[in-house]
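The structure appears below as structure tokens.
The values are calculated or read from the model by the stated rules, or taken from the named source; none is laboratory data. All figures in this text were calculated on a predicted structure; none of them were measured in a lab. Please note that ligands, DNA and RNA were not included when accessible areas were found on the heavy atoms of the full protein model with its side chains. Shrake-Rupley method; radii C 1.70, N 1.55, O 1.52, S 1.80 Å.
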Amino acid sequence: MGRLIVVSNRVQPPADAGGGSVGGLAMALAAALREANGVWFGWSGRTTEVYTGQVALERTGGVTVATVDLEEQDVQEYYNGYANKTLWPLFHYRVDLSAYERAFSEGYGRVNARFAEALLPMIRSDDVIWVHDYHLIPMAQELRRRGVANRIGFFLHIPWPARRLLTTLPDHPKLVEALFDYDLVGFQTRDSLSAFEDYVTQVIGGEVVGSEATAFGRTVDMGAFPIGLDVDAFTATATGETAQAEFEKMQVSLAGRQMVVGVDRLDYSKGLEERFLAYEQFLQDNEELRERVFLLQIATPSREEVDAYQDIRARLDAVTGRINGAYATVDWVPIRYVNRAYRRDELAGIYRAAKIGLVTPLRDGMNLVAKEYVAAQDPDDPGVLILSEFAGASEQMTEALIVNPFDREQVAGAIARGLTMPRKERIERWQALMAGLKAFDLSAWQGAFVQALRGERSAAA
Ligand code: ADQ
């Protein structure tokens, strides 16, 4: 069996094998790479005066990690530019925030070409290559141009947008054409898959037959591969020492109150402002419950060099300040708003102490927080998951309280319902959710994609 090469914008070797701060995705990819004696290639996160193309190699946790440094201009145009100012907002239905500049598009092409050039000498003829996410859509095209005939797969972690949105992107056929140089293209959901099929058939006159799409004279296999959680590991973390300590700390801090928790990267796609307003609506509608509850929102700053992220941060500061100012009493604050990152084991303890997990993104490829919240619960006294219908996770997690995050009153009602839900119903819903998480966990996801990529079976649509 040939090796597996994973290509992603950032590379996260599992240096901390204890699972403290390393995300589940990094752990799962590292496990797959170890098994296949693999290589993980990407940007080092560092910049250099002049691009050299020099690859730094490091062997860590049984995986070869290969990274290159980029120039500052690359980072501005490719990463902050085309990836995070053009594609991210557009693919999350925020056409209003999507900024297009030719320099961004050129930088995106340049960095993909640089990555391909740097990776080229490392590729053996029987390797399979798995490219991740919107930063690297043209990777296969660049590799093919350099004569690479290996099997190459692409997985999109974020949603594929509806065709009317995608067609607002200048040169959209060029971006889509690049996907036809892959052997397999994977999406998180059937919804994204069908949006892609819709684009292929309606916009560029291509054809879709079964799991195959044909356009630009080429055929690509497609599938929906919903990313899973490392369920067993996360459940073990949630009952481990650090999580237990965090759980007990939270119990003291609850002082008999019930906690609603939100955990997100600070991103406009996560619907935090709408969530705070829905929570305010709940406070207004439920005077008798009011002081018996608080919302803990953990929001870790991200992409701070992009203006839209500074804007959303300022808006959230203002709205939490206003709500707390209006409702707080001498011994109760309605929203505890925290802007730092937590370790996975600390988060697990916090999830377990929360009566409600409030996961209400306006758009999300999957949303792993929803899955983590469920996996961390006490089976005898589980909390309630409130989940946006616009998170990819809602296709699978139908036993959650599914809400439209734009409907403030509905979300407020779901919070009240969750807080008063009988234990029997909570247990039934949780058991069904947990069975779903276990049936398609992270290693099943990774295994299904890699098998389909190796041509061992067709894509799991
Ligand atoms: P993200 O947009 O980052 O990922 P999500 O899946 O919710 O979204 O979170 C990824 C991880 O970050 C989770 O493991 C979570 O615990 C962690 N995390 C989030 N906030 C944190 C905080 N404040 N402190 C510590 N850890 C935090 C993208 C897509 C998603 C998709 C994933 C994986 O946007 O839709 O689910 O990739 O494919």
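From the square roots a ≥ b ≥ c of the eigenvalues of the alpha-carbon gyration tensor of region 231-439, which class results: rounded (a/c under 1.5), prolate (a/b over b/c), or oblate? Rounded, since a/c falls under 1.5. Classify the chain from the C-alpha gyration tensor, please: rounded if a/c falls under 1.5, else prolate or oblate depending on whether a/b exceeds b/c. It is prolate, given that a/c is not under 1.5 and a/b is the larger ratio. Tally up the carbon and sulfur contribution to the accessible surface of region 231-439 as a whole percent, 1.4 Å probe, everything protein left in place. Carbon and sulfur atoms account for 47 percent of the accessible area of region 231-439.
For the chain, the per residue solvent-accessible surface stands at 40 Å², with DNA, RNA and ligands left out and a 1.4 Å probe.
Normalised by the number of residues in region 231-439, the mean separation of alpha-carbon contacts (under 8 Å, six or more apart) gives a relative contact order of 26 percent. Apolar share of the accessible surface for region 95-193: 46 percent from carbon plus sulfur atoms, 1.4 Å probe.
The shape of region 77-217 comes out oblate: with a ≥ b ≥ c from the C-alpha gyration tensor, a/c is at least 1.5 while a/b does not beat b/c. Legend: distances between Cα atoms for LYS355/LYS424; LYS270/LYS355; LYS174/LYS270; pairs beyond 22 Å are LYS174/LYS270. Spatial offset of region 47-67 relative to region 314-375 amounts to 36 Å, using the alpha carbon center of each.
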